[in-house]
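See below for the structure under consideration.
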Amino acid sequence: MASMLTAETAAKNNNENMTLHELFMNGKQIYLQIENGQTNITAKECAIKFEICNRKIRQQGIFSNNERVDDVKTNDLKYLLSHAYLGKLYGEKVKVDMIVEGPAGRYKQIKRSILHYTAFLNQLNDYQMLLKNDQSFFIDMDADSRKETTENKRARKVSSYEEEKTLKLKLQEYEQMELTMLQKNNKKTDIAHPAIMNVILDEEDEREKYLTMIQLNVKEALNNIDLSKRELEMLEQMRANLGDRFYGTKRNGEDPRIAKIKKEQENKKKERQLLQEYK
């Protein structure tokens, strides 16, 4: 137990000692590796990096409500994505122990994901960076986006899909430019994806690359918030049906670690009984 705490403390100190740029780029690299199944680092550890990023961003006063996007330095634009990465991590990547936490654990994760996605979109809205259709859908979400007519919903999804496809192609062009310049300069790297390299493009192209990434994440954030709200409704129904079981073993006051061991033992016992039946 002591060694585990020592390792956690060392990891935390390592994150704290990184500069904001180093921490963000490291978190981004790990996130992409998680997506590609190329790392043993957990999504929770990655999320902690971006949580610390957000704190450092606030402490350093990187963004101001009195500014517009043109006032933001090119090198700082990437930090607008910090909340978006946390929305993805908590919504899709960070695992929940269903035995210990029950469906309530997933409910909590979805709420946290929506919170970060909303913070991301609110910040862009303050900077007047949301496209008109995206802004309208985002604002309408509070009322209830699912009340839109079937025709309007279909039209919105088609439009969003076409815009997203165009943005992806644009981003691929910038990433290819980065890769070409990297190869031209005979630089070596073990990084799996050109999007996480240090700045190689000139400032204008670098700025456009990050603005494109931001708009792509807007599409994803809006879609994921909409889907998450639907999942929350299903989980709320489960809570009504399951009662205390909705909260897993934690609600019953039992040590979660002991409860997990008991569950594993029960499963093994059932397996042995089944094997006996077929002997």
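Of K95/K170; K56/K184; K44/K78; K73/K95; K28/K157, which pairs sit farther than 30 Å apart, going by alpha carbon to alpha carbon? Write down the numbers at each step before the final one.
On the way: K95/K170 33 Å; K56/K184 35 Å; K44/K78 21 Å; K73/K95 35 Å; K28/K157 28 Å.
Beyond 30 Å: K95/K170; K56/K184; K73/K95.
Of the listed peptides 18-25, 116-123, 64-71, what is their order by residue-averaged count of other C-beta atoms within 10 Å, with the highest listed first?
Values: 18-25: 16.4, 116-123: 20.4, 64-71: 10.0.
Peptide ranking by packing, descending: 116-123, 18-25, 64-71.
Tell me which residues come under 5 Å, amide H to amide H, from F63 once H is placed; ignore anything under 5 positions away on its chain.
Counting only residues 5 or more places away or on other chains, the set is empty.
Would you mind calculating the gained length between E151 and Q237 on full extension (0.36 nm times residue separation, minus the Cα-Cα distance), in nm to one decimal?
Values: separation 86, 0.36 × 86 = 30.96 nm, distance 2.84 nm.
Here the segment from E151 to Q237 would lengthen by 28.1 nm.
Got the relative contact order for region 1-114 handy, in percent, Cα pairs under 8 Å and 6 or more residues apart? If you can, show how the numbers build up before the last one.
Working: 71 pairs, mean separation 27.0, N = 114.
That works out to 24 percent.
Just to check I understand the Karplus step: with θ = phi - 60° and J = 6.51 cos²θ - 1.76 cosθ + 1.60, what whole-Hz values come out for region 166-179, glycine and proline as x?
Values, residue by residue: 5, 5, 5, 5, 5, 5, 4, 5, 5, 5, 5, 4, 4, 5 Hz.
Assign one of three labels to region 1-134, namely rounded, prolate or oblate, based on the Cα gyration tensor with a ≥ b ≥ c the square roots of its eigenvalues; rounded applies when a/c is under 1.5, prolate when it is not and a/b is larger than b/c, and oblate otherwise.
On the way: a/c = 2.14, a/b = 1.39, b/c = 1.54.
Note, shape of region 1-134 comes out oblate.
Place a label point 7 angstrom from the Cα of S159 along the Cα-to-Cβ direction, then list the residues of region 123-138 whose backbone nitrogen is under 14 Å away.
Only 131-138 fall inside the zone, counting backbone N under 14 Å.
I'd like the Karplus ³J(HN,Hα) series for region 22-28: coefficients 6.51, -1.76, 1.60, θ = phi - 60°, whole numbers in Hz, and an x wherever there's a Gly or Pro.
Each residue's phi maps through the Karplus curve to give 4, 5, 5, 5, 5, x, 5 Hz.
Could you sort the peptides 201-210, 236-245, 31-40, 79-88 by per-residue average Cβ neighbour count (10 Å cutoff), highest mean leading?
On the way: 201-210: 16.1, 236-245: 12.3, 31-40: 14.3, 79-88: 24.7.
Descending packing order for the listed peptides: 79-88, 201-210, 31-40, 236-245.
Show me, bin by bin at 10 Å from 0, the whole-percent P(r) of region 79-179 based on Cα pairs.
13, 30, 37, 17, 3
Computed from the coordinates by the stated procedures, all read-outs in this text should not be read as laboratory data. This structure is a prediction, so every number in the text was calculated from the model and none was measured. Every residue, glycine as well, gets a Cβ built from its backbone with ideal geometry; the counts of neighbours run over all protein chains shown.
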